[in-house]
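Worksheet: one structure, shown below.
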Amino acid sequence: MGSTGEAHLSFGVPTGTVVVRAFVPEIAGRVELPRPGLYDARLSWRGREAGARQEADLLARLASAEGEAAPETVFATHRQVLESYRLDLWRTGESPEEDD
């Protein structure tokens, strides 16, 4: 994947809540929508390559003697957020559950 890009998708939201997951198992966030239904979305991002390099450097430094000696120093040098994401949603119709 490149440093910037976008993807378009469509999905149903039967509960009215979209759960956004991080690239690790933890939940990054929840988006409460006005109502359940079918939604289209545009996901855009920037800085993914720089973020991946930063993460690789962080993990390497934490695994080294330097990282073991002062993890707070290692984390302090990696505070800058290099990647960002944007999720635009719009409702396109009723979900199949709502049609019943």
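Compute the length gained on full extension between LEU62 and ALA28: take 0.36 nm times their separation in residues and subtract their Cα-Cα distance, giving the result in nm to one decimal. Provide the component values of the computation, followed by the final result.
Details: separation 34, 0.36 × 34 = 12.24 nm, distance 2.30 nm.
Working it through step by step, the gained length comes to 9.9 nm.
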(request) Leaving ligands, DNA and RNA out of it, rank ASP57, ASP40 by accessible area with a 1.4 Å probe, largest first. (result) ASP57, ASP40
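Compare ARG35, ARG21 by solvent-accessible area with a 1.4 Å probe and give them largest first, with all protein chains kept in place. Walk me through the numbers on the way to the answer.
On the way: ARG35 110, ARG21 145 Å².
Per-residue accessible area, sorted high to low, gives ARG21, ARG35.
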(request) For segment 55-64, just list the computed ³J(HN,Hα) in residue order, Karplus coefficients 6.51, -1.76 and 1.60, θ = phi - 60°, integers in Hz, with x standing in for Gly and Pro. (result) 5, 4, 5, 4, 5, 5, 5, 5, 7, 7
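Relative to the present Cα-Cα distance, how much length would full extension add between ARG35 and PHE11 at 0.36 nm per residue of separation?
Working: separation 24, 0.36 × 24 = 8.64 nm, distance 1.37 nm.
My answer for the length gained is 7.3 nm.
The values are calculated or read from the model by the stated rules, or taken from the named source; none is laboratory data. Predicted model only: the values in this text are computed from it and were never measured. Just the protein is used for accessible areas: all its heavy atoms, side chains included, with ligands, DNA and RNA removed. Shrake-Rupley method; radii C 1.70, N 1.55, O 1.52, S 1.80 Å.
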